[in-house]
Amino acid sequence: MMDFTSGRVTATAEQTPDSGLEQRSAPRFTSLIRAAKLVCGQGEFVCVIRDVSASGVSLRTFHGLPTDADVALELQNGESYELEQVRANGFDASYRFQGKVDVERLISENWSFPKRQLRLNIMMPVRASTLTQRSNAFITNMSQQGARLECDNVFAIDQSIRIENDYMPEVRCKVRWRRDANYGLAFDNFFSLREFALLAARVQCPLLLQAE
C-alpha cells in the first residue's frame, strides 16, 4: 500500500504555469500525493492534492470529476474548504478557494484527535457472513482499512466475518468494537487508494466511471 502522506516541495507560481489559478505571484507549495476527498451533492470522492496556494488548489481524481457546482475539499483531519472550479482536464482540476485559507495550516494538516485513514460517509447494503450465520447489514462509512457496519445480528469482538455486495467482492474482516447494533470492522487486506476511489464512485455516482 502506498503512503499518501509524504512531504512537500516549495515552488513559485512562475514554476507552475499550468495551475490555471489567479494570483500566480503567490508562493505555491506542492504536496506530494496527499489524499483527501471532494464532498458535494453527488457524494464523497477520493482525490489527491497536487499543489496548493493561498488562492487555490490543484487536484487529481481516479475517475471523472464531480459536476456539482457546490463542492468542498475535506482533509483527513476533517477540516473543510469550499471550492470553485476554474479548470478541468480529464481527471485533473484546479479550484479557487471561496474564502481566505491558511496555507501552512492546510499543508501541515494539524490533528485535534488521533490520526486515522481517509474515511468516506458511504451507505451501502452488504451481506455479512460467519461460519454459523448470514445476515443483511449496512456499511455506514468506510476507509481503505475498515468500515462501520450496522447489523441486527450479534457479533463478538475479534470475530471473523465476511462482507460482500454487488459493488465489491468478498472482504474478510474482524470485529474490533461493538456499540449496540454498530460494529467497527478491520479488513484483513486493505484497499489500494485507487480501488477505494473507484468503489466510492461505483456506489454513489457510477456515471463518473464512464470517463475512466
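The values are calculated or read from the model by the stated rules, or taken from the named source; none is laboratory data. The structure presented is a predicted model; accordingly, all values stated were derived computationally and were not measured. FYI the Cβ positions are ideal-geometry reconstructions off the backbone, even for glycines, and counts take in every protein chain you see.
Key figures for this structure:
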| read-out | value |
| --- | --- |
| Subset of the range 159-181 (residues that are aromatic (Phe, Trp, Tyr) and under 18 Å from ASN136 (Cβ atoms)) | TYR167 |
| Scope the range 173-212; condition among the acidic types (Asp, Glu) and closer than 18 Å to ARG162 by Cβ; matching residues | ASP188, GLU195 |
| Failed item, numbered, when ASP102 is tested on (1) closer than 26 Å to SER192 by Cβ; (2) over 19 Å from the mean Cα position of the chain (by Cα); (3) surrounded by fewer than 14 Cβ atoms within 10 Å (Cβ to Cβ) | (1) |
| Selection from the range 180-190 of residues that are buried (at least 20 other Cβ atoms within 10 Å of the Cβ) and among the hydrophobic types (A, V, I, L, M, F, W, C) | LEU185 |
| Among the candidates ALA36, ALA54, ALA69, residue that is touching a residue at least 60 places away in the same chain (Cβ under 8 Å), farther than 12 Å from ALA201 by Cβ and hydrophobic (A, V, I, L, M, F, W, C) | ALA36 |
| Of all residues in the range 84-110 being more than 15 Å from SER53 (Cβ to Cβ), assigned to a loop (DSSP other than H, G, I, E, B) and not polar (S, T, N, Q), the one that is modelled with the highest pLDDT | PHE91 |
| Any pair with Cβ under 6 angstrom, 6 or more apart, that starts in the range 184-212 at a residue that is assigned to a helix (DSSP H, G or I) and ends at one that is surrounded by fewer than 19 Cβ atoms within 10 Å (Cβ to Cβ) and of a type in the set (Phe, Trp, Tyr) | ARG202/TYR167; VAL203/TYR167 |
| Subset of the range 60-83 (residues that are out of contact with any Phe, Trp or Tyr (no Cβ under 7 Å at 6 or more places or on another chain) and not in a loop (DSSP other than H, G, I, E, B)) | VAL71, GLU74, SER80, GLU82 |
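Conditions (1) under 18 Å from SER192 (Cβ atoms); (2) surrounded by 19 or more Cβ atoms within 10 Å (Cβ to Cβ); (3) in contact (Cβ under 8 Å) with a residue 24 or more places away in the chain; (4) in contact with a strand residue (DSSP E or B) (Cβ under 8 Å, 6 or more places away or on another chain), marked per residue:
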| residue | (1), (2), (3), (4) |
| --- | --- |
| ARG116 | yes, no, yes, yes |
| VAL126 | no, yes, yes, yes |
| SER129 | no, no, yes, yes |
| ALA137 | no, yes, yes, yes |
| THR140 | no, no, yes, yes |
| ASN153 | no, no, yes, yes |
| ILE157 | no, no, no, yes |
| ASN165 | no, no, yes, yes |
